[in-house]
1. So, with a 1.4 angstrom probe, what is the percent of accessible area on segment 95-151 that is carbon and sulfur?
2. Might you work out the accessible area of Arg184 for me, using a 1.4 Å probe with all protein chains in place, and round it to the nearest 10 Å²?
3. Tally Lys/Arg at +1 and Asp/Glu at -1 over every other residue whose Cβ is under 14 Å from the Cβ of Ile128; what's the total?
4. Which whole-number value in Å² is the accessible area per residue of segment 106-164, probe 1.4 Å?
5. Using a probe of 1.4 angstrom, how much of the accessible area of segment 322-412 is carbon and sulfur, in percent?
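The values are calculated or read from the model by the stated rules, or taken from the named source; none is laboratory data. These figures come from a predicted structure and were not determined experimentally. Quick reminder, even Gly has a Cβ in these numbers, built from the backbone with ideal geometry, and neighbours come from all protein chains shown. Heads up: the accessible areas ignore ligands, DNA and RNA and are worked out on the full protein's heavy atoms, side chains in. Shrake-Rupley method; radii C 1.70, N 1.55, O 1.52, S 1.80 Å.
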Amino acid sequence: MQARDSARPDIPRSGLRGTVSLLSRNRDFRNLYVAQLISFGGDWFLLVALYGMVLDLTNSPVMASLILVSELVPFFLISPVAGHLVDRFNRQRLMVGADLARTVLCLGFLLVHGRSLIWLVFVLQAAIAVFNAAFEPASQAAVPNLVDQEDLALANTLVGSAWGTMLAVGAALGGVVAVLLGRRAAFVGDALSFAVSAALLLRIHRPFSEERGDEKQAGLVEATAETVRYARRDHRVLALLAVKGGFGLAGGVLVLLPVFAKDVFHQGDVGIGILYGARGIGALIGPFIGRRIAGTTQRGLFVAIAISLLTFGLFYGVFPVMPVLALAALCSMAAHLGGGAQWTLSTYGLQVLVPDRIRGRVFSFDFALVTLAITVSNLAAGWAAEAFGPRPAMAGFAAVGLLYAGAWWFGTRGLRRGPKSHEELRGEAGPGTRPGGRGEGQG
């Protein structure tokens, strides 16, 4: 089916018709996509409930920022090992195992009943992050092997928008569920989402990676050094790795959203859900707009990424002066048109350029960079909110985002020269880079 689909010009590869076509004829990709939708929805149920609980018990923006920090620091530390595992072992089994482990860990939040047990929130978040660090790069590295080459751009856009879709739905519903059914319902819901995700992943038949044969597996240090050498040789890869990392420097604005909801707009869990839901709508739509702007050339890809970075900083710069929650939510939505687009476009570029044999390590490094940047930014944002107030803190981090957008645009000016197509990029990337080159598909 894979070879026949690749050769058929009558199959739509973009837009709504392309989306319906891809999901209907490729059952394996559909299972991955739905698994991520369900899992992301549960994540946002959980995060909204955790923010509300920690703020209620501590009334501290710094403690709220530690919710993400306790997840991000372990993710960063374990990423080099996780990337090595993703390229060395069966990616499908690795992802299923991570889902099952996270199912059990999420139920642990039911044990937190008062301030004396608040430490357990951070311990559980850290443990979940260890398995996230293996699941996320494995998922991104697997996508090119589960779809035809011609479907990769659309598949990447759909996976990127899945995060935004369930942020919008999961965060908005999470706020309502936390109020109507209690936060314990959100904890159980997240655990169930991981279990369902594992069941769907088990139904995928295409291989998650190319056949490696009798190739000798490098050790952790050697494999990491090879990845660094590869990135240094190709400035396009370096530029794409710098996208999410730089975006993360302004990521402190994200931990300020629940602070605004509770302390500025006085809307509690419902306000947190609304702001995160608006963020999700932007992240849902942004990848499709970014895909349209990027077109099919290297120049278009890098221009679209720069516009996306600028959009994120610009609208969060306006956010602090909004007088009511509804207008602030619109600003968050507009900012994440850029946030969702830059994430998806930079991921697509790496999927096109990086060989399958080191793709897991490259994505682990990509996630590690953004994780480190967001960790530092979140800690700084929590401190700034307490020291100066949430409005000045938000404005400051938005300015960081705008400055980085300008620096990235200037630094990539040489890569924007020439109308090089994505097909030409695949040819230049060397052997073993063709996505979906192996594996028998199911329609």
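1. The computed percentage sits at 75.
2. Accessible surface of Arg184 is approximately 130 Å².
3. Every neighbour counted, the sum reads -4.
4. 28 Å²
5. Of the solvent-accessible surface of segment 322-412, carbon and sulfur hold 82 percent.
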